[in-house]
Amino acid sequence: MTVNNLLRAMLITLFPLCLSIVPSFAIGAETDKLANYQQQYRHPDPQVRIRAVGFLGTLGPKAIPSLIEALRDDDRMVGHHAEQALRKIGPASLSALDGMLEDSHFEAPHRAAHAIVWMGPAAAPTIIKVLQEYRPDAWNRLYEVSNISNLPDETKAALVPKLIELFTHPDIEVQIRAMLYMGYMKPASHTALPHIVQALKGNTILRDKSARVLYGIGYAATPFLVQALQDPDPEVRRFVVQMLTSPAFSRNEVVHGLQQVCAGDSSPAIRQQAKTILQHSFRRPLDAGC
């Protein structure tokens with residue numbers, strides 16, 4: 001056998017062995033990186049910890065436990081960078097973030113909530129899960145953060161259909177939490193208008209919460225409220241008439257609807273209510289039938 005042929009045979013024999021060794025080296029290198037960055041995170045200098053957290057965010061799901069720990073860092077910027085790193089890792093971190101919502105640290109639960117609501121549409125099932133469960137601390141922190149954060153429109157679009165499903169949940173407290181959260185869903189909440197108006201027929205507290213959502217939506221809600229003036233329940237009609245005094249809704253549509261109530265509602269009290277609002281709130285002359 002020539003020297004060339006001998007070398008070729010050796011390479012053919014050794015090549016598969018080399019391929020099997022490379023992943024082992026890669027895995028070892030990744031493990032070393034994780035251990036190294038974890039060690040750097042123990043440094044007393046916050047700037048070193050910030051850099052370590054940034055590097056941990058590049059390692060994917062294996063770094064989640066370390067980053068969750070970093071959410072508890074008493075240095076605000078370290079905690080902020082840990083939140084950013086978990087968002088960068090993505091949906092794989094949602095379960096761990098959910099678990100942090102009830103943590104006793106003064107800041108970490110809010111960082112976790114912020115990471116969740118900014119995770120994008122993939123966060124919708126986690127948010128809905130928290131809304132359904134009776135976990136006051138988790139719910140309050142998620143709700144507060146949603147209040148101060150303008151959620152991405154794509155997240156809202158993913159949440160609205162799931163919130164609508166909760167409007168018929170057997171637990172009224174779940175319905176109320178879903179309605180409260182719907183208040184942050186503009187403009188996606190426009191697609192839920194028929195369901196929000198339907199909630200005006202429910203529990204007194206739910207009625208009040210749904211009214212607040214409708215005030216927030218404004219003009220787009222007007223035709224749905226005017227239609228609700230025909231509801232068979234006089235208490236619903238009375239409530240809607242009072243709602244329509246708000247400048248949040250389309251004036252022309254409101255006046256037309258109230259004129260119809262004034263002229264034809266079966267309840268004398270509701271007819272008088274509409275008449276008073278037309279005269280004093282809208283300064284409109286009354287039609288002959290009113």
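The values are calculated or read from the model by the stated rules, or taken from the named source; none is laboratory data. Values in this document were obtained by computation on a predicted structure and should not be read as measured data. Because the Cβ atoms are built from the backbone with ideal geometry, glycine has one as well, and the counts that use them run over all protein chains shown.
General observations
- Put simply, of 165, 144 the only residue that is assigned to a helix (DSSP H, G or I), at pLDDT 95 or above, surrounded by fewer than 16 Cβ atoms within 10 Å (Cβ to Cβ) and among the acidic types (Asp, Glu) is 165.
Residue-by-condition table, conditions (1) modelled with pLDDT under 95; (2) in contact with a helix residue (DSSP H, G or I) (Cβ under 8 Å, 6 or more places away or on another chain); (3) in a helix (DSSP H, G or I); (4) closer than 23 Å to residue 95 by Cα:
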| residue | (1), (2), (3), (4) |
| --- | --- |
| 8 | yes, no, yes, no |
| 16 | yes, no, yes, no |
| 22 | yes, no, yes, no |
| 25 | yes, no, yes, no |
| 73 | no, yes, no, yes |
| 82 | no, yes, yes, yes |
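- The requirement of being farther than 22 Å from residue 217 by Cβ, touching an Asp or Glu at 6+ places or on another chain (Cβ under 9 Å) and surrounded by 17 or more Cβ atoms within 10 Å (Cβ to Cβ) is satisfied by residue 271.
- Of all residues in segment 102-126 being more than 14 Å from the chain's Cα centre (by Cα) and of a type in the set (A, V, I, L, M, F, W, C), the one that is nearest to residue 151 (Cα to Cα): 108
- Only listed residue being buried (at least 20 other Cβ atoms within 10 Å of the Cβ) and at negative phi, chosen from 240, 236: 240
- Counting only residues that are surrounded by fewer than 19 Cβ atoms within 10 Å (Cβ to Cβ) and either more than 15 Å from residue 96 (Cβ to Cβ) or in contact with a Gly (Cβ under 6 Å, 6 or more places away or on another chain) (or both), segment 58-83 holds 6 of them.
- Cβ pairs under 8 Å, 6+ apart, first in segment 76-99 and in contact (Cβ under 8 Å) with a residue 40 or more places away in the chain, second of a type outside the set (A, V, I, L, M): 98/126; 98/129
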